[in-house]
Structures are given as structure tokens and as C-alpha cells.
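The values are calculated or read from the model by the stated rules, or taken from the named source; none is laboratory data. Quantities reported herein were computed from a predicted structural model and do not represent experimental measurements. Note that we place each Cβ from the backbone using ideal geometry, even for glycine, and neighbour counts take in every protein chain shown. With ligands, DNA and RNA removed, areas are computed over all heavy atoms of the protein, side chains included. Shrake-Rupley method; radii C 1.70, N 1.55, O 1.52, S 1.80 Å.
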Amino acid sequence: DQQVKQNSPSLSVQEGRISILNCDYTNSMFDYFLWYKKYPAEGPTFLISISSIKDKNEDGRFTVFLNKSAKHLSLHIVPSQPGDSAVYFCAADSSGSARQLTFGSGTQLTVLP
Amino acid sequence: EAQVTQNPRYLITVTGKKLTVTCSQNMNHEYMSWYRQDPGLGLRQIYYSMNVEVTDKGDVPEGYKVSRKEKRNFPLILESPSPNQTSLYFCATGPGTEAFFGQGTRLTVV
């Protein structure tokens, strides 16, 4: 049973518009959430994170929102650029987990010029 | 330059033939881990190591072994590979925001 779910395998967005990637989780023990970006033939790279004591974290064009009651987080990219085309993984961690990350299945974002 | 180096990048092998995928890091990180990536399943942790001589199972450890004899190296060993271990493998250092991934090893077991 997947504890972190990304229900959209793919998303296409026009350049300059907003991209919204969604992630749901089931484990109430998760208290830290991360997004990673992955280009083909490369390893994932850390993008942005949020602690469960916050509901929003912003870094340039990237904003992550956390809704704890709904066990839902989302990544907003504004404005989207063609270089943002990649697979985005949501991941979750819990302070008692001995540093184990639980990943979602990923969403392929394609930003169309 | 901070690096996690995996070798080989691509490997095709036959069922039952022992193989080792090497992982080396130059960041002096205590924590290292191995993941496999499969379609529809994302990345799943195989094993992790908090420090030299300290290793522990992740979510999918069956069929794999690891060792951590020195801080920089964390090899993944498949004693008797099977076709269901065909996957894309990633080594990583550091947990969470510190995670730094290697470029991946594409393994095919026939």
C-alpha cells in the first residue's frame, strides 16, 4: 500500500502558465515533505521542502503548499518554463524514521513552448 | 565538485550471476542509501547506512546485500539476480534535503 501517492502520471502545461503537481499521503507520522526533480539519465535533485509546522514554503518560482487535515501537498511552478520539463517526485519523512524517505510514483511534467 | 559515482551505468546480466554495483561519494557524508526506481512505484529504498559498519534494511531489501567498510563506498550486491530485479538503481548520500543522488545504474537481468 503506497503511503505517498501522486495520482497524475503526467501533466502538460503551456509555457508561462502555472503548473500544479499534487501529492497525497496516508501516514500521519510524516512531518517533513520534499519535492525532487529528475531529468532523463540523471539522478533526482532536491527542489523544495516543507515542514509540517508550516502550510506554505516559497523559493523563487516554486511554492509548496501543505494541507495537513487533507493529507495533501502541492507544488506550484509559476511561470512554467520549458526547462522545467522533468519527472517530479514527492517524498515524505518522519522524525522517528531513521532518515527513510518514502517517495511517490512521480509526475512527468511537460512544459510546451 | 560534490559527486556520487555509480558504476556501471548500464548492465545486462543473466539470472543467477552474482554482480556488484559500486557507489562512491566525495562529500564525507555519514549517511548513504540505495533506491530502485520502477514504473508506477517511484523510488523505493533498498538499504541504508548511517555510518561505517552500520547498515539497515529499507522497504525492499530482499535479494540484495550491502556493505559499508569505509565512509566513501557503499556497494550494492546481488548474489543471485533474478528478472524481477531489472530496474533503475540509485545510490544517494544524505537524508532529506541533503540527499545527493548518483546518475543511476540501469540493470537488466535476463
Is there a residue in region B:53-67 that is of a type outside the set (S, T, N, Q) and in contact (Cβ under 8 Å) with a residue 60 or more places away in the chain?
no
Result of the Cβ filter at 8 Å on region A:34-47, keeping first residues that are on the phi > 0 side of the Ramachandran plot and partners that are part of a loop (DSSP other than H, G, I, E, B) and surrounded by 17 or more Cβ atoms within 10 Å (Cβ to Cβ), at least 6 apart or interchain, is A:A41/B:G104
Can you name every one of the strands (runs of 3 or more DSSP E) wholly within region B:39-100 that holds 1 or more residues which are at the interface with chain A (Cβ under 9 Å from one of its Cβ atoms) and surrounded by fewer than 21 Cβ atoms within 10 Å (Cβ to Cβ)?
B:42-51, B:54-57
Evaluate the following for A:S19: is it under 26 Å from B:G102 (Cβ atoms) and either more than 12 Å from chain B (Cβ to nearest Cβ) or within 12 Å of the chain's Cα centre (by Cα) (or both)?
no
B:V4 vs (1) more than 9 Å from every other protein chain (Cβ to nearest Cβ); (2) buried (at least 16 other Cβ atoms within 10 Å of the Cβ); (3) in contact with a Gly (Cβ under 8 Å, 6 or more places away or on another chain): all pass except (1)
Between a residue in region A:2-16 that is in contact (Cβ under 8 Å) with a residue 40 or more places away in the chain and within 11 Å of chain B (Cβ to nearest Cβ) and any residue that is open to solvent by 40 Å² or more (accessible area, probe 1.4 Å) and outside any loop (DSSP other than H, G, I, E, B), which pairs come within a Cβ distance under 6 Å, given they are 6 or more apart or on different chains?
A:K5/A:D24
Those strands (runs of 3 or more DSSP E) completely within region A:6-78 that have 3 or more residues that are open to solvent by less than 80 Å² (accessible area, probe 1.4 Å) and modelled with pLDDT under 95 are A:32-38, A:45-51
Suppose we filter region B:11-38 for residues that are over 23 Å from A:Y88 (Cα atoms), within 11 Å of chain A (Cβ to nearest Cβ) and either small (G, A, S) or open to solvent by 40 Å² or more (accessible area, probe 1.4 Å) (or both); how many remain?
1
Cβ-Cβ under 7 Å, sequence separation 6+ or interchain: first residue in region B:15-38 and within 16 Å of B:E62 (Cβ to Cβ) and aromatic (F, W, Y), partner open to solvent by 10 Å² or more (accessible area, probe 1.4 Å) and not in a loop (DSSP other than H, G, I, E, B). Which pairs?
B:W34/B:Y47; B:W34/B:V66; B:Y35/B:R44
